[in-house]
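In what follows, a structure is listed as structure tokens, so that the remarks can point back to it.
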Amino acid sequence: MQLRRDMESNGIHLPDKQRQKVVDLNIENELLGMRLLEARQTANPYSTLTHLLRCRYELAQLLGFESFAQKQLQGKMLCTQEQVWHFLCSILHKYRTAA
């Protein structure tokens, strides 16, 4: 099952042109992520972050997801953005009242 998800996240099920675009976006995503880490030390990493977010959104759209977050949550214990939000809110509430 995991192998299938990995293959699909690389666009194996898409036509050649779209699959190549997914491959290119995955590479760009990795490069932008590394550039963003390096840009933290500069005055303005905003343009790199903006480019990274656009790249991730386009990648998610090509693979049939509403967002990159939805793509990343596929196959995880908390499999929707709403579940993650409720989980984080419950932790916040629990520890805020304890403090």
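The values are calculated or read from the model by the stated rules, or taken from the named source; none is laboratory data. Keep in mind the model is a prediction, meaning the values are calculated, not measured. In this analysis, Cβ positions are derived from the backbone assuming ideal geometry, glycine residues included, and neighbour counts consider all displayed protein chains.
Kindly evaluate Thr97 against the criterion of being assigned to a helix (DSSP H, G or I), under 16 Å from the mean Cα position of the chain (by Cα) and not acidic (Asp, Glu). So Thr97 fails the test. A residue that is of a type in the set (S, T, N, Q), over 19 Å from Glu8 (Cα atoms) and without any contact (Cβ under 8 Å) to a residue 24 or more places away in the chain cannot be found anywhere in region 51-73.
Looking at the structure I just gave you, is Arg54 modelled with pLDDT of 95 or more and charged (D, E, K, R)? In short, yes. So for region 52-69 (the condition being among the aliphatic types (A, V, I, L, M), under 19 Å from the mean Cα position of the chain (by Cα) and outside any helix (DSSP H, G or I)), does at least one residue qualify? Looking through region 52-69, at least one residue is among the aliphatic types (A, V, I, L, M), under 19 Å from the mean Cα position of the chain (by Cα) and outside any helix (DSSP H, G or I). Figure legend. Inter-residue proximity from region 27-45: first residues more than 16 Å from Tyr57 (Cβ to Cβ), second residues of a type in the set (Gly, Ala, Ser), beta-carbon distance below 7 Å, spacing 6+ or different chains. Indicated pairs: Pro45/Ala39.
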